[in-house]
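The values are calculated or read from the model by the stated rules, or taken from the named source; none is laboratory data. As the structure is a computational prediction, the values presented were derived from the model and not from experiment. All Cβ positions, glycine included, derive from the backbone under ideal geometry; neighbour counts span all protein chains shown.
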Amino acid sequence: MRCAAWIFAAHAICGALLLSPGWIRPDSVATYAYLRSMVRDGDLSFFNEWREFGMIRNGVTYFSEVTPIGALANHWWIGTSMMAAPFYVVGTGFADDASLLGWASVLFAAAALAIACLFIRSNKALAIAAASLGTPLFWYTFRFPLGTHAAGALCVAVIFAALFLTESGSLTGLAAGLAIATRLQHFVLLPAIVMVGIAQRRRGRWWLSAIGAGALPLAAQAIAWYAIYGTPLGPLTRGANLQGVTWMPFQHITLWQVLFSSYHGLFAWSPVALIAIIGWIAALRRDRDLALACILMFAGEWFANGTLDRYFWGGMSFGGRRFVDLALPFALGIGWFAERIRTWLAVVIIAPLVAWSVALMIAAQANTISLARYVSAAGLFGAVFSASTYARAISNPLHTDTHYLALLFVGIVALLLWPLRKLAVAYAAIFVVCVAICAARTPEAAAEWRPRIDVRKSMRVGPLVDERRLLQDEVDWARATGDAARANATSREIAAIDRLLAELNR
């Protein structure tokens, strides 16, 4: 309890000093559009959210297309809205939306690390601090909190707690289903869960309850997508980019780059993750099932991030942000590593690695490195060791949130929910019903917007413009790394998009 107390206190203090819950277009807007549209309008028609954030211009929707059934597409997932709903419902109207949702993310990150404390036997402060500051978790908790990563980290932490600290199949399944409904890539966690369940010799009832509870968040997503796309698989089978899809798996195999590239590679930006991996391997003999779960989950995420998304660097990203949801496994690995050697030596090894990541945060805050464009290894070193980086960081505002009432609401709701935690499955079922009700109202709400939308252009233009930007980033990366063939091939795709956009604009 003492470990958890100082984690929550530290996060409250850091939030008061550093929290900057700014909306990122389109990611933040789309992630929470489910929740805001359900509460504000009672539907899943997102045209007004898009208009509010300036993403409808001259009747054309940007970033997302108008689907064949006339609704506005949303390929972001519903899980974060599902987790943030209690805080938003209670606090909306009393506190700023961004502040409420930002403080909810701070709570999710703190809760994930508090759960990690339950597994770490010694050097808890070192392991927790290194897992937070030495990975992108800190950045996505306080600097860009309006996203999915803190929620995803909590989902993964609850999976571990349910698997190893309880006998609850329903909690395990619900956490796994919610993790997938938060970020699609988390379906790769399932093999680890299944293998641990088999090793623990779970009985049939445990498996049935896990499957049933895990289906609830996925049902909420399927219902929402059916109302939006006309199919429960939504963007998994449809899309409006050049290739007529939403995602392009196996376009490039970048297993090496996603770990080591200066272009947001995990180890390049967060070298302390290597220490965690050493810790997992070292713990295989004494904590076999727990260490194996960490290793399998990391391997799954590595495979997903290196093969299932063409844009391996993660768009505008601080380092390997798509690994940040593994905060608990990273903390465990660092703790296990520190157990094997003297504490002072662990500090000597870990502190410089964490300092590197902190220095990159300062450089990103100072805008001496770009999070949206390719940066070479020399560029990273130059920014970290430049005096101008730190001078500019001091002049840049660190904190933008002044709605401290939001912290009060989030804290009160969290305290009320804690005694009700055993009703999590019931809450998930209620949320599914609410999604179904809003989904039924969506066609009529979307129809009211269609006269104000250029449907012909909006069925393609937004995703094409977004894809063009990402492809240009790919060209820049390929040229910078000497891959002329890839740069030329991608440039031809950009030319094809330009021709298609010209036809649509006639």
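Give the residue that is modelled with the lowest pLDDT, with candidates limited to residues of region 459-506 that are loosely packed, with under 14 Cβ neighbours inside 10 Å and not in a helix (DSSP H, G or I). Of everything passing the filter in region 459-506, ARG506 is modelled with the lowest pLDDT.
In region 200-211, the count of residues that are at negative phi, modelled with pLDDT of 95 or more, surrounded by 20 or more Cβ atoms within 10 Å (Cβ to Cβ) and in a helix (DSSP H, G or I) is one or more. Being closer than 22 Å to ALA378 by Cα and in the same structural domain as GLN185 (by TED's automatic domain parsing) is a property that TRP336 lacks. Taken together, VAL90, VAL29 contain a single residue that is under 21 Å from the mean Cα position of the chain (by Cα) and outside any loop (DSSP other than H, G, I, E, B), which is VAL29.
Tell me the residue from LEU218, LEU255, LEU259 that is assigned by TED's automatic domain parsing to the domain that holds PHE330 and either basic (Lys, Arg) or surrounded by fewer than 16 Cβ atoms within 10 Å (Cβ to Cβ) (or both), please. Among LEU218, LEU255, LEU259, only LEU255 is assigned by TED's automatic domain parsing to the domain that holds PHE330 and either basic (Lys, Arg) or surrounded by fewer than 16 Cβ atoms within 10 Å (Cβ to Cβ) (or both). The residue of region 1-32 that is farthest from HIS403 (Cα to Cα), among those that are β-branched (Val, Ile, Thr) and surrounded by fewer than 21 Cβ atoms within 10 Å (Cβ to Cβ), is ILE24. Does region 236-250 contain any residue that is touching a helix residue (DSSP H, G or I) at 6+ places or on another chain (Cβ under 9 Å), part of a helix (DSSP H, G or I) and among the aliphatic types (A, V, I, L, M)? Within region 236-250, one or more residues are touching a helix residue (DSSP H, G or I) at 6+ places or on another chain (Cβ under 9 Å), part of a helix (DSSP H, G or I) and among the aliphatic types (A, V, I, L, M). If the condition is being over 18 Å from the mean Cα position of the chain (by Cα) and either among the β-branched types (Val, Ile, Thr) or at pLDDT below 95 (or both), then region 170-193 contributes THR172, ILE193.
The residue list LEU236, LEU308, LEU255 contains one member that is among the hydrophobic types (A, V, I, L, M, F, W, C) and in contact with a Gly (Cβ under 7 Å, 6 or more places away or on another chain), which is LEU255.
Taking the stated definitions as given, is ALA219 under 30 Å from ALA447 (Cα atoms), of a type in the set (A, V, I, L, M, F, W, C) and in a helix (DSSP H, G or I)? So ALA219 fits the description; yes. Pairing each residue of region 122-138 that is farther than 16 Å from ALA111 by Cβ and assigned by TED's automatic domain parsing to the domain that holds ILE7 with any residue that is among the aromatic types (Phe, Trp, Tyr) and assigned to a helix (DSSP H, G or I), provided the two are 6+ apart or on different chains, yields C-beta distances under 7 Å for THR135/PHE330. When region 45-78 is examined, which residues are found to be within 22 Å of the chain's Cα centre (by Cα), of a type outside the set (A, V, I, L, M, F, W, C) and within 26 Å of THR400 (Cα to Cα)? Passing the criteria: only GLU49.
If ALA445 satisfies every condition in (1) over 22 Å from THR246 (Cα atoms); (2) assigned to a helix (DSSP H, G or I); (3) not assigned by TED's automatic domain parsing to the domain that holds ARG310 but one, which is the exception? Of the numbered conditions (1) over 22 Å from THR246 (Cα atoms); (2) assigned to a helix (DSSP H, G or I); (3) not assigned by TED's automatic domain parsing to the domain that holds ARG310, the odd one out for ALA445 is (3).
Of the residues in region 18-63, how many are touching a residue at least 60 places away in the same chain (Cβ under 8 Å) and among the acidic types (Asp, Glu)? Result for region 18-63: 3. Quick check: is even one residue across region 393-415 aliphatic (A, V, I, L, M) and over 30 Å from ALA112 (Cβ atoms)? Within region 393-415, one or more residues are aliphatic (A, V, I, L, M) and over 30 Å from ALA112 (Cβ atoms).
All told, ALA98 meets the bar of being in a helix (DSSP H, G or I), modelled with pLDDT under 95 and not basic (Lys, Arg). Which of the residues spanning region 449-458 are surrounded by fewer than 20 Cβ atoms within 10 Å (Cβ to Cβ) and touching a residue at least 12 places away in the same chain (Cβ under 8 Å)? Across region 449-458, the qualifying residues are ARG450, ARG452, ASP454, VAL455, ARG456, LYS457. You will find that of SER37, SER45, the residue that is in contact with a Cys (Cβ under 8 Å, 6 or more places away or on another chain) and in the same structural domain as ASP401 (by TED's automatic domain parsing) is SER37 and no other.
Please verify whether ALA161 is at pLDDT 95 or above, in a helix (DSSP H, G or I) and closer than 21 Å to TRP76 by Cβ, treating the condition exactly as stated. Criteria not met by ALA161. The number of residues in region 11-53 being at positive phi and modelled with pLDDT under 95 comes to 0. Looking only at region 251-291, residues that are charged (D, E, K, R) and part of a loop (DSSP other than H, G, I, E, B) come to 3 in all. Checked against the criterion of being in contact with a Pro (Cβ under 9 Å, 6 or more places away or on another chain) and among the hydrophobic types (A, V, I, L, M, F, W, C), the candidates ILE180, ILE211 yield just one match: ILE180.
Selection of helices (runs of 4 or more DSSP H) fully inside region 362-424 by the criterion of at least 2 residues being buried (at least 16 other Cβ atoms within 10 Å of the Cβ) and more than 25 Å from the chain's Cα centre (by Cα) returns 377-384, 387-395. Looking across GLY320, GLY265, GLY315, one residue alone is at pLDDT below 95, within 20 Å of the chain's Cα centre (by Cα) and within 26 Å of ILE24 (Cβ to Cβ). It is GLY315. Within the option set TRP344, TRP302, being touching a residue at least 12 places away in the same chain (Cβ under 8 Å) and either part of a helix (DSSP H, G or I) or in the same structural domain as TRP247 (by TED's automatic domain parsing) (or both) holds for one residue only, TRP302. When THR80 is tested against (1) assigned to a helix (DSSP H, G or I); (2) among the polar types (S, T, N, Q); (3) at pLDDT below 95, only condition (3) is not met.
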